[in-house]
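What follows is a short report on a single structure.
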Amino acid sequence: MKIAEIKVLVSSPGRNFVTLKVITDEGVYGLGDATVNGREMAVAAYLEEHVVPCLIGRDPHQIEDIWQYLYKGAYWRKGPITMAAIAAVDMALWDIKGKVADLPVYQLLGGKSRKHITTYGHANGETIEKTLDHLGNLIEKGFKVVRLQCVIPGLGGTYGTLGKKKNYEELQSDRPLPPEQPWSTSKYLNFIPDLFRQARERFGYNIQLVHDVHSRLTPIESAQLGKLLEPYNLMFLEDASIADNQSNYQTIRQHTTVPLAIGETFNTIWDAKELISNQSIDYLRTSITHAGGITPVKKMANFADLYNVKMAPHGAPDLSPICHAAQAHFNIWAPNFGVQEFIGFGSDKLNSVFTHPLHFENGFIYLNDKPGLGVDYNEETATNYKYNRSYLPVTRLEDGTLWYW
Ligand code: KDG
Ligand code: MG
């Protein structure tokens, strides 16, 4: 069997996605997700110009060798664009292998370790009351874990809240350049503990709660927040600080027992090696699309398991249903799976382009037994939804200084 043709497909069914289709000389094909939100065309060009020509004629069954060729074989290795491109190839090859073997990918990874996949949903709101109403709705729908994000008074919106946006999962294309949002660490730190205090007062401790700081605090500020949140028993605090210095998390750890999660912007194990081996984190949030595919993330999970670190893959709506399906196969296998971020595939446009093997009920994802990843991509329908340039926002402190979004 040989790789005969590869298509790089960019479409925007509600938001932009980059999809790779690897077609073999026997007609079997595999799909991969290569979406990097706000930088979609960079990955498409990387694939088209630098990856696709090297793969034509190769044996698609040699997943490990092809991965090493694209990673180790490239002098300019790592980084989000390169690793998303490699990830898409890797996912597509696992998809092909599964279809040829007539087995779902999770069987090739080692089989099921659990019945279903626990997810966490998002409760957002402009006020604490609205955020908690949203939490109440999700509890009624059966969610066991929920992330709480609330507009900070005086800041007119912050990460994870809707503000004046449309639906959270939709492309925010009505802006030609990155919008700017204000940030104040003191306003945030004075407000967030109250959100969690009120959540516990209203709903008790039977629901697990998560919060995403989105890397806006310094390590000592994160430690301060962690201590303030300790009474409310979070499942984890996400992206408390940037981890360019991996020792940042030791600083946080020395001061608080709040469990820590990080990893959605990580591209390789090297971004997390000390965080894991020093046991300064509890959950690794690396996604299959942004860290080179199933092949390396499986190795990361095995390494993390040695240090009691669980996997909680990034599951924002800017990862396509192909990534979500690949992560479902991975999650149902991973011995050290923790929780999956998932807010559903709400839009009709999205569902008209992608079909997937996931069934969502009571806060759990169930996976069917279709061979391969079980996903498909309707190329004809997708032509109705052209790429639409869209940026993530940038953040400035109230005095104008640029800060982490
Ligand atoms: O493209 C950026 C988003 O994926 C990111 O901001 C979402 O932090 C995020 C999360 O936890 O889902
Ligand atoms: Mg996050």
Seminar exercise, completed: Out of 206, 124, 351, a Gaussian network model of the chain with alpha-carbon springs under 10 Å gives the largest mean-square fluctuation to 206
Exercise. At each listed q (0.12, 0.18, 0.23 Å⁻¹), what is the log10 of I(q)/I(0) that the Debye formula gives for region 3-104 modelled as equal alpha-carbon point scatterers?
Worked result: -0.35, -0.79, -1.23
Seminar exercise, completed: Across 280, 186, 113, the residue with the highest GNM fluctuation in the chain (Cα network, 10 Å cutoff) is 186
For this session: For the pairs 99/299; 144/370; 97/298; 78/299; 72/97, note any where the Cα-Cα span goes beyond 18 Å.
Result: 99/299; 144/370; 72/97
Problem set entry | Rg [Å, one decimal], Dmax [Å, integer] - region 85-127, C-alpha atoms | 16.3, 52
Seminar exercise, completed: Taking alpha-carbon centroids only, region 28-92 lies from region 271-322 a number of Å equal to 19
Problem set entry | Rh by Kirkwood over Cα pairs, then Stokes-Einstein D for region 300-405 at 1.002 mPa s and 20 °C, µm²/s | 130
Seminar exercise, completed: Comparing 188, 232, 69 in a Gaussian network model of the chain (Cα, 10 Å), the one with the largest mean-square fluctuation is 69
Seminar exercise, completed: Share of Cα-Cα pairs in the chain beyond 37 Å, whole percent, is 19
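Each reported figure results from applying straightforward, stated rules to the coordinates on display, with no laboratory input. Since we're looking at a predicted model, the values are computed, not measured.
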